[in-house]
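The values are calculated or read from the model by the stated rules, or taken from the named source; none is laboratory data. Just so you know, these numbers come straight off a predicted model, no measurement behind them. Every residue, glycine among them, receives a Cβ derived from its backbone with ideal geometry; neighbour counts consider all protein chains shown. Surface accessibility is based on the protein's heavy atoms, side chains included, excluding ligands, DNA and RNA. Shrake-Rupley method; radii C 1.70, N 1.55, O 1.52, S 1.80 Å.
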Amino acid sequence: MKISCVFAVAATLFTSATLAGSNQNITIGLITKTDTNPFFLKMKEGAMLGATVHGVRLLTAAGKEDSDYPSQIIAIQSMVSAGATTLLITPSDAKAIVPALDEVRAKGVQVIALDSPTDPISAVDALFATDNYKAGELIGQYAQAAMPLTFPGQPLKIAMLDLSPGHLVGARRHNGFMKGLGLPAAGAETSELSATPEIVCSGYSEGAEKQGYEVMANCLKTHPDINLVYTVNEPAAAGAYKALQEAGKQKNALILSVDGGCAGVNYVREGKIAATAQQYPLTMAAMGVDAAVAYARHGKKVSGYVDTGVTLIADKPMQGLPSKDTQAGLDACFGAK
């Protein structure tokens, strides 16, 4: 497969894969939040795999960071101008990109959100994603069972390393975690983060290791007795572990996370993370390409929400809570080998 750089706009890297086959006149666009997070790299891999199988042209773009929605808007417009009939997108801002999506959908372009919903959800034709509330709930249930065994008699003192303000995926993981832990929690349809006295410190990690480290380090300055750490994803978990390790407190707290990437599963195997909820971005993207080809060939759009699955990964299973070990997690990390 030949990959060639077409052009770079703002913070967006826009590349094209031109492939031989009966569908070679079909163009599909994939727009992710970044091109550095392993989750989105695996999503890109899934889209490229699907493009290879179907013999279609795939355009890809990504911003510099999770919140870089202006670059996504530029990519939306550029890809449609380049002939894309379907866009697959992980929205950096659920609301800010909606006008751009409305514009291209009015021209007949099919839009499928991957992983992250838009606000409103009706701004796209379909959503292929993890049930992020359930993902949070699974690791919360694990923490509820594990904490009395690991730190008997200790009251919960929780640090929450969230995603970014107003982000629905981050809120769903946060609130699901709290529900699984048995604490008062909002439902899955709000972007507000529930709070309880057990949460002694919180901050926004932006899903990145550097910010995860900074939030955790600051939390430990004021609350050195934190014993439970929720992280919105595994890069943030890596940063949290580094901060705990530097403070000599890595054995004093359990870290729980979401994603189930290969690196994250290895963190579980090494004991840095107690458990993670594994999701499958490669599957999301491959399904998106399938739907894009079907639309280009037959004119039928997909609609609604497709749950792409989530699995609890832990090497120390808790009674009554279904999970898989890290070997199974590595065999399936981020969707496929």
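Brief remarks on what is shown
- Scanning the stretch 81-103 for residues that are crowded, with 22+ Cβ neighbours inside 10 Å, farther than 11 Å from Leu59 by Cα and in contact with a Leu (Cβ under 9 Å, 6 or more places away or on another chain) yields a total of 4.
- Ala286 over 21 Å from the mean Cα position of the chain (by Cα) and crowded, with 22+ Cβ neighbours inside 10 Å: no
- Selection status of Asp131, within 18 Å of Ala275 (Cβ to Cβ), modelled with pLDDT of 95 or more and open to solvent by 10 Å² or more (accessible area, probe 1.4 Å): yes
- Residue among Tyr267, Tyr280, Tyr213, Tyr230 that alone is closer than 30 Å to Val109 by Cα and aromatic (Phe, Trp, Tyr): Tyr280
- Count of the stretch 195-233 residues which are in contact (Cβ under 8 Å) with a residue 60 or more places away in the chain, more than 18 Å from Gln154 (Cα to Cα), among the aliphatic types (A, V, I, L, M) and buried (at least 22 other Cβ atoms within 10 Å of the Cβ): 1
- Looking only at the stretch 139-191, and only at residues there that are touching a Phe, Trp or Tyr at 6+ places or on another chain (Cβ under 7 Å) and more than 23 Å from Gly264 (Cα to Cα), the one that is most open to solvent (accessible area, probe 1.4 Å): Pro165
- Contacts under 9 angstrom Cβ, first residue in the stretch 151-169 being farther than 20 Å from Ile226 by Cα, partner surrounded by fewer than 16 Cβ atoms within 10 Å (Cβ to Cβ) and among the basic types (Lys, Arg), 6 or more apart: Gly166/Lys95
- Scanning the stretch 33-44 for residues that are open to solvent by 20 Å² or more (accessible area, probe 1.4 Å), at pLDDT below 95 and either under 12 Å from Gly335 (Cα atoms) or part of a helix (DSSP H, G or I) (or both) turns up Pro38, Leu41, Lys42.
- Matching residues, the stretch 77-102, being more than 20 Å from the chain's Cα centre (by Cα), touching a residue at least 24 places away in the same chain (Cβ under 8 Å) and in a helix (DSSP H, G or I): Gln77, Ser78, Met79, Val80, Ala100, Leu101
- Residue tally, condition under 18 Å from the mean Cα position of the chain (by Cα) and touching a residue at least 40 places away in the same chain (Cβ under 8 Å), over the stretch 103-120: 6
- Residue within the stretch 273-280 that is more than 30 Å from Leu87 (Cβ to Cβ) and open to solvent by 10 Å² or more (accessible area, probe 1.4 Å) present: yes
- Per-region count, the stretch 294-324, residues farther than 15 Å from Ala135 by Cα, of a type in the set (Gly, Ala, Ser) and surrounded by fewer than 18 Cβ atoms within 10 Å (Cβ to Cβ): 5
- Test: residue in the stretch 271-283 that is among the aromatic types (Phe, Trp, Tyr) and either part of a helix (DSSP H, G or I) or farther than 28 Å from Gly239 by Cα (or both): no
- Of all residues in the stretch 237-252, those satisfying the criterion of being open to solvent by 10 Å² or more (accessible area, probe 1.4 Å) and under 18 Å from Thr222 (Cα atoms) are Tyr241, Lys242, Gln245, Glu246, Ala247, Gly248, Lys249, Gln250, Asn252.
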